[in-house]
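> Provided herewith is a single structure, encoded as structure tokens, for subsequent inquiry.
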Amino acid sequence: MPVAKFAFPALSISLAALLLAACATSENAQLQQAHAAYEAASKDPAITAAAPGDLQQAAAYLKSADEGKASGVGQAEVTHRAYLAYQHVQIAYQMAALERLTAEFRSTPRALAGAGNVFFETGQATITPGAKPTIDRLAEFLKQNPEQRVRIEGHADSTGNPQNNVALSERRADAVKQALVSRGVEASRIETHAGGETSPVATNDTAQGRQMNRRATVVVSNFAVGAGSTSSPPGKPATDPK
Amino acid sequence: MRVNTAHRHYRAGAAAVAALGLLAACGTSPQSSQSAAMPLAKQAIDTAIRDGAEQRAPGDLATAQQKLALAQKSADNGLFDDARRFAEQAEVDARLASARSRTVQASNALSQLQGNTAPQRQ
């Protein structure tokens with residue numbers, strides 16, 4: 001659409017010519033286009049679920065465009081209503097894309113920027129005061145993302161026998177789970193796993209390395225949520241016809 | 001909406017007169033509804049800007065802003081049906097700008113997350 005940047009006479013002629021052209025068009029291409037766009041969108045379950053309101057508005061504008069055409073309201077007004085309908089369909093596509101991206105965002109496993117590890121004293125499975133801010137952050141994150149599930153993997157350093165370390169790592173995972181539950185996170189969203197001493201992140205030859213290995217790692221992901229996979233190729237608003 | 005080249009041969013004055021006649025014929029809506037449409041369009045544009053449309057949906061936002069300006073010009077010139085239509089279109093264009101901006105934002109956030117996802121298992 002040409003945008004008038006000139007003074008009144010030119011503007012009025014430009015607008016008038018525009019509307020004249022619209023009035024003189026025998027077939028209302030824009031109305032047909034809007035109908036086609038609406039038909040396609042209303043058959044897409046992702047769109048009907050994500051943007052019922054915009055689809056409804058599009059339908060209402062289409063109806064008023066059709067009625068206007070029948071009652072001779074003028075081509076300019078018919079074209080205008082068709083345009084509004086078409087744009088509402090476009091908004092509906094965007095809403096569906098947003099919904100899909102949001103779902104994918106939530107289901108993407110992520111590291112919590114250093115907040116995913118809780119460390120323990122040798123042979124202990126007690127949450128230390130130092131670990132509390134980490135657990136507070138995790139609990140807050142989980143409360144803000146109610147669909148998010150977590151898997152807590154307990155680990156141990158190589159001190160002691162491997163059998164005991166599996167049990168110890170399980171108690172560590174459970175301790176973190178209980179700490180989250182006591183902060184209001186539903187136990188049903190938390191899965192635990194005993195990793196024993198088999199997954200060190202640092203050497204067991206130094207005190208510092210062993211400290212790194214006495215940990216529970218919180219993995220945020222959507223594992224075991226529903227039956228189907230929620231992921232699809234990223235960055236492709238496949239529902240957007242543009 | 002495209003100006004048909006077939007109409008080029010009309011002399012501008014004649015076209016304007018003829019079109020204004022048709023405009024009057026096409027006109028159906030009361031003047032009052034255009035006065036409601038413009039504030040709604042302004043509001044939608046403000047919302048779009050708050051949604052980051054200047055960065056993430058500049059095309060849709062510019063269209064909305066240009067149509068709002070045209071609505072104002074049309075109203076100033078007494079073309080109230082045009083003013084209402086431009087304002088109503090500006091509003092829906094701005095709403096599309098908002099929606100597109102939020103989608104782009106979500107897409108960016110997702111890409112960033114997927115790019116930053118650190119392996120959790122050693």
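The values are calculated or read from the model by the stated rules, or taken from the named source; none is laboratory data. As the structure is a prediction and not an experimental result, all values here were calculated from the model. Here the Cβ is made from the backbone with ideal geometry for all residues, glycine too, and neighbour counts use every protein chain on show. The protein model used for the area step is the full one, side chains on, heavy atoms only, and it has no ligands, DNA or RNA in it. Shrake-Rupley method; radii C 1.70, N 1.55, O 1.52, S 1.80 Å.
> Hey, among A:Ala76, A:Ala65, A:Ala97, which residue is touching a helix residue (DSSP H, G or I) at 6+ places or on another chain (Cβ under 9 Å) and more than 7 Å from every other protein chain (Cβ to nearest Cβ)?
From the options A:Ala76, A:Ala65, A:Ala97, the qualifying one is A:Ala65.
> Applying the selection to region A:79-92, what residues are open to solvent by less than 20 Å² (accessible area, probe 1.4 Å) and either more than 9 Å from chain B (Cβ to nearest Cβ) or within 20 Å of B:Ala44 (Cβ to Cβ) (or both)?
Across region A:79-92, the qualifying residues are A:His80, A:Ala82, A:Leu84, A:Ala85, A:Gln87, A:His88, A:Val89, A:Gln90, A:Ile91, A:Ala92.
> If B:Gln105 passes every condition in (1) within 21 Å of A:Ala58 (Cβ to Cβ); (2) open to solvent by 50 Å² or more (accessible area, probe 1.4 Å) but one, which one does it miss?
Every listed condition holds for B:Gln105 apart from (1).
> Please verify whether region A:105-112 includes one or more residues that are assigned to a helix (DSSP H, G or I), more than 30 Å from A:Asp157 (Cα to Cα) and open to solvent by less than 10 Å² (accessible area, probe 1.4 Å).
Among the residues of region A:105-112, not one is assigned to a helix (DSSP H, G or I), more than 30 Å from A:Asp157 (Cα to Cα) and open to solvent by less than 10 Å² (accessible area, probe 1.4 Å), which makes the answer no.
Here is a yes/no grid of residues against (1) open to solvent by less than 10 Å² (accessible area, probe 1.4 Å); (2) under 27 Å from A:Arg106 (Cβ atoms); (3) out of contact with any strand residue (DSSP E or B) (no Cβ under 9 Å at 6 or more places or on another chain):
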{"position": "A:Thr128", "(1), (2), (3)": "no, no, no"}
{"position": "A:Leu138", "(1), (2), (3)": "yes, yes, no"}
{"position": "A:Gln148", "(1), (2), (3)": "yes, yes, no"}
{"position": "A:Thr159", "(1), (2), (3)": "no, no, yes"}
{"position": "A:Lys177", "(1), (2), (3)": "no, yes, no"}
{"position": "A:Gly209", "(1), (2), (3)": "yes, no, yes"}
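> Take region A:129-163 and flag every residue that is farther than 22 Å from A:Val220 by Cα and either modelled with pLDDT of 95 or more or part of a loop (DSSP other than H, G, I, E, B) (or both).
The answer is A:Asp157, A:Ser158, A:Thr159, A:Gly160, A:Asn161.
> Checking the condition within 14 Å of chain B (Cβ to nearest Cβ), at pLDDT 90 or above and either crowded, with 17+ Cβ neighbours inside 10 Å or under 30 Å from B:Asn108 (Cβ atoms) (or both), which residue from A:Arg215, A:Arg189 passes?
Sole residue among the options that is within 14 Å of chain B (Cβ to nearest Cβ), at pLDDT 90 or above and either crowded, with 17+ Cβ neighbours inside 10 Å or under 30 Å from B:Asn108 (Cβ atoms) (or both): A:Arg215.
> Taking the conditions exactly as written (out of contact with any Phe, Trp or Tyr (no Cβ under 6 Å at 6 or more places or on another chain), at pLDDT 55 or above and hydroxyl-bearing (Ser, Thr, Tyr)), does A:Thr25 satisfy them or not?
no
> Another question about this same structure. For the structure I just gave you, tell me whether A:Ala167 is more than 14 Å from chain B (Cβ to nearest Cβ), buried (at least 17 other Cβ atoms within 10 Å of the Cβ) and out of contact with any strand residue (DSSP E or B) (no Cβ under 6 Å at 6 or more places or on another chain).
So A:Ala167 does not fit the description; no.
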